[in-house]
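Please read the structure below before turning to the comments.
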Amino acid sequence: MSRFAVGFCLLWTSVTAAADVAWLAKVQTPPATIPETKLSPLLPGPITRDTWLAERPKLIAAWREFLGPMPDFPANARWTVLRTDNLPDVTRELIEYEGEPGLKVQAYLLRPNGAVTQRSRAGLVALHPTTNDSIEPIAGVKGEPRQHTGLKLAQRGFVVLCPRCFLWQDATSLNDAVARHRARHPHTLGMAKMLYDAQRAVDILAAQPDVDPNRIGAYGHSLGAKEALYLAAFDDRIRAAVASEGGIGFPSTNWDAAWYLGPAIKEPGFARNHHELIALIAPRPFLVLGGESGPGAADGDRSWPYVAAALPVYRAFGEPPRVGLLNHHQGHILKDDMLDKLAEWMTVYLDAK
């Protein structure tokens, strides 16, 4: 984390000064029935701010060892504009930049129209779900209006970067993308590649002249929610995050797929779990959106134990803890009412001074 301009302790100070959404207490209320979930203790003894700050680097190192090594990040944050779409209230650019050294990544960059002073806007990395259209729907280029999350967030005043996941960047299939990645990095999981690329997206977003690098958030739905969880956990530049229907628990979705964490997570005695990542995000605001028990839902009541396990870490930094689960019961989908909640979460925790 030494490459980041904002240190963890300074970040904690600024987060504790933020206002709160009016419905914060609601998303911290346990469901009526809590599924039984076995999670290892985050610490062997009481969790205090000091004991957690001592444990945090060890936990990061353990996760990094599991995920595998990735190369150093490119020193530059340059990008090339491939196409510009002038919309009524947003300018949308298809851009290209260097991800891993020597590898290009494409993304849509969306910014509200209108004059603005330097470094005055909040920025969002918006990570797309599983779709062969990759970044086209989230940026509003194609697909149903409900899929145009990145465009809608730009219309609400955020500068939004929608990077293409490596699974669809110059690959003929998901397995082809994984094979190419493992050929370059034989000992590195697909999730490590996604995390690396998401961090690189933060580099590009933070370099935008109108973006305040201290007010950057992350959002993702489904596959993108998995990426948002990891990005917020391992990059302290992310000041607030929302993960929609990613499936926090290993049994909830296909976390054992080759492009995520692989089969090791099913081996007896595997030590890691995602309550640790939520704890690593603390005290930065983190919201899980779940659709249980609607069709195809990946998050919901079953996700509560992971949030609850991290609550003591959040409380060690002060009250109120800015973490929670909002179960909308609408299934594996993000409807406009939840987009409103997402936008409010980001507005309050990125814009409040």
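Scan Glu292, Glu319 and give me the residue that is without any contact (Cβ under 8 Å) to a residue 24 or more places away in the chain, more than 18 Å from the chain's Cα centre (by Cα) and over 16 Å from Ala218 (Cα atoms).
Sole residue among the options that is without any contact (Cβ under 8 Å) to a residue 24 or more places away in the chain, more than 18 Å from the chain's Cα centre (by Cα) and over 16 Å from Ala218 (Cα atoms): Glu319.
Please verify whether Ala54 is over 28 Å from Leu205 (Cβ atoms), in contact (Cβ under 8 Å) with a residue 40 or more places away in the chain, small (Gly, Ala, Ser) and surrounded by 10 or more Cβ atoms within 10 Å (Cβ to Cβ), treating the condition exactly as stated.
Working: over 28 Å from Leu205 (Cβ atoms): yes; in contact (Cβ under 8 Å) with a residue 40 or more places away in the chain: no; small (Gly, Ala, Ser): yes; surrounded by 10 or more Cβ atoms within 10 Å (Cβ to Cβ): yes.
So Ala54 does not fit the description; no.
Which residues, counting only those in segment 318-353, are in contact with a helix residue (DSSP H, G or I) (Cβ under 6 Å, 6 or more places away or on another chain) and either more than 18 Å from Gln147 (Cβ to Cβ) or of a type in the set (Val, Ile, Thr) (or both)?
Those that are in contact with a helix residue (DSSP H, G or I) (Cβ under 6 Å, 6 or more places away or on another chain) and either more than 18 Å from Gln147 (Cβ to Cβ) or of a type in the set (Val, Ile, Thr) (or both): Gly318, Pro321, Val323, Gly324, Leu325, Leu326.
Checking the condition over 23 Å from Gln330 (Cβ atoms), in contact with a His (Cβ under 9 Å, 6 or more places away or on another chain) and surrounded by fewer than 23 Cβ atoms within 10 Å (Cβ to Cβ), which residue from Trp259, Trp255 passes?
Exactly one residue qualifies, and that residue is Trp259.
Please list, ordered by first then second residue, the pairs with beta carbon atoms under 6 Å, 6 or more apart or interchain, first in segment 250-268 and under 18 Å from His221 (Cα atoms), second of a type in the set (Gly, Ala, Ser) and modelled with pLDDT of 95 or more.
Pairs found: Ser252/Ala298; Thr253/Gly247; Thr253/Ala298; Trp259/Gly190; Tyr260/Gly190.
Where residues in segment 298-309 are in contact with a strand residue (DSSP E or B) (Cβ under 6 Å, 6 or more places away or on another chain) and in a helix (DSSP H, G or I), which of them is surrounded by the most Cβ atoms within 10 Å (Cβ to Cβ)?
Here the residue is Ser303.
Evaluate the following for Arg83: is it touching a residue at least 24 places away in the same chain (Cβ under 8 Å) and either more than 19 Å from Asp235 (Cα to Cα) or among the hydroxyl-bearing types (Ser, Thr, Tyr) (or both)?
It is false that Arg83 is touching a residue at least 24 places away in the same chain (Cβ under 8 Å) and either more than 19 Å from Asp235 (Cα to Cα) or among the hydroxyl-bearing types (Ser, Thr, Tyr) (or both).
Find the residue count for segment 155-193, including only residues that are of a type in the set (Lys, Arg) and either farther than 30 Å from Thr347 by Cα or modelled with pLDDT under 95 (or both). Full working, then the answer.
Going residue by residue through segment 155-193, those that are of a type in the set (Lys, Arg) are 156, 164, 180, 182, 184, 193.
Among the residues that remain, those that are also either farther than 30 Å from Thr347 by Cα or modelled with pLDDT under 95 (or both) are: 180, 182, 184.
Number of matching residues: 3.
Among Gly123, Gly157, Gly217, Gly143, which is surrounded by fewer than 22 Cβ atoms within 10 Å (Cβ to Cβ) and either among the aromatic types (Phe, Trp, Tyr) or under 16 Å from Leu342 (Cα atoms) (or both)?
The conditions single out Gly157.
From the list Ile265, Ile278, which residue is part of a helix (DSSP H, G or I), more than 17 Å from Met194 (Cα to Cα) and touching an Asp or Glu at 6+ places or on another chain (Cβ under 6 Å)?
Within the list Ile265, Ile278, the selection yields Ile265.
Mind counting the residues in segment 311-337 that are outside any loop (DSSP other than H, G, I, E, B), touching a Ser or Thr at 6+ places or on another chain (Cβ under 7 Å) and under 17 Å from Gly300 (Cα atoms)?
Summing the residues that are outside any loop (DSSP other than H, G, I, E, B), touching a Ser or Thr at 6+ places or on another chain (Cβ under 7 Å) and under 17 Å from Gly300 (Cα atoms) in segment 311-337 gives 1.
Which condition does Arg315 not pass, out of (1) surrounded by fewer than 18 Cβ atoms within 10 Å (Cβ to Cβ); (2) under 29 Å from Pro137 (Cβ atoms), if it passes all the others?
(2)
The values are calculated or read from the model by the stated rules, or taken from the named source; none is laboratory data. Quick caveat, the model's predicted, so the values are computed rather than measured. For neighbour counting, all protein chains shown are included, and Cβ atoms are generated from backbone atoms with ideal geometry for every residue, glycine included.
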